[in-house]
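Notes for the one structure printed next.
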Amino acid sequence: MNKVILMGRLTRDPEVRYSQGENALAIARYTLAVERRFQRNSDQSADFISCVAFGRSAEFTEKWLKQGMKICITGRIQTGSYTNKDGVKVYTTEVVVEEQEFAESKNAAQNNSGADFGGESRPTPSAASGDGFMSIPDGIEDELPFQ
């Protein structure tokens with residue numbers, strides 16, 4: 001089984017191109033900075049994973065995903081190789097995206113637009129209580145769709 005699940009931030013805006021021909025296919029490429037759980041003294045604290053999406057997923061990427069956004073993807077690892085212009089064989093590894101979704105709210109993403117991909121600073125929602133849940137303002141209970 002070849003299944004990958006990643007959550008991280010886009011290091012730059014995705015690059016989207018379209019194939020040639022009658023049925024042009026969208027192809028989106030981006031790099032995801034995925035924080036490491038544990039780190040040693042001077043090691044980098046994130047891995048930078050190359051991702052590629054095709055078709056409707058690539059069109060979604062082009063329309064909605066921007067640098068710094070936190071997303072969650074599922075897909076599969078694909079390896080390959082090619083010979084560059086100098087005659088050197090280059091090996092590639094990338095994740096072929098099967099599903100992708102937002103991993104934070106739009107407001108959190110805007111607050112995090114200058115995200116540190118090393119994981120040093122983490123924004124905390126101003127309305128969050130110590131238990132990780134958002135506080136509901138007083139006097140709003142009658143307006144909630146549930147009780």
Review point. Gain in length, residue 25 to residue 105, computed as 0.36 nm per residue apart minus the alpha-carbon separation, to one decimal in nm?
Key: 25.9 nm
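Which percent of the Cα-Cα distances in the range 1-99 go past 22 Å?
Working: 1841 of 4851 pairs.
Of all Cα-Cα pairs in the range 1-99, 38 percent lie more than 22 Å apart.
If you roll a 1.4 Å probe over the range 1-65 with all protein chains in place, what percent of the accessible area is carbon or sulfur? Can you show the working numbers first?
Details: 2180 of 4680 Å².
On the range 1-65, the fraction of accessible area on carbon and sulfur atoms equals 47 percent.
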Practice item. Would you list which lysines come within 23 Å of residue 70, measuring only between C-alpha atoms, while excluding same-chain residues fewer than 8 positions from it? Key: 3, 106
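The values are calculated or read from the model by the stated rules, or taken from the named source; none is laboratory data. If you're wondering where the values come from, they're calculated on a predicted model, not measured in any experiment. Note: areas computed on protein heavy atoms with side chains; ligands, DNA, RNA excluded. Shrake-Rupley method; radii C 1.70, N 1.55, O 1.52, S 1.80 Å.
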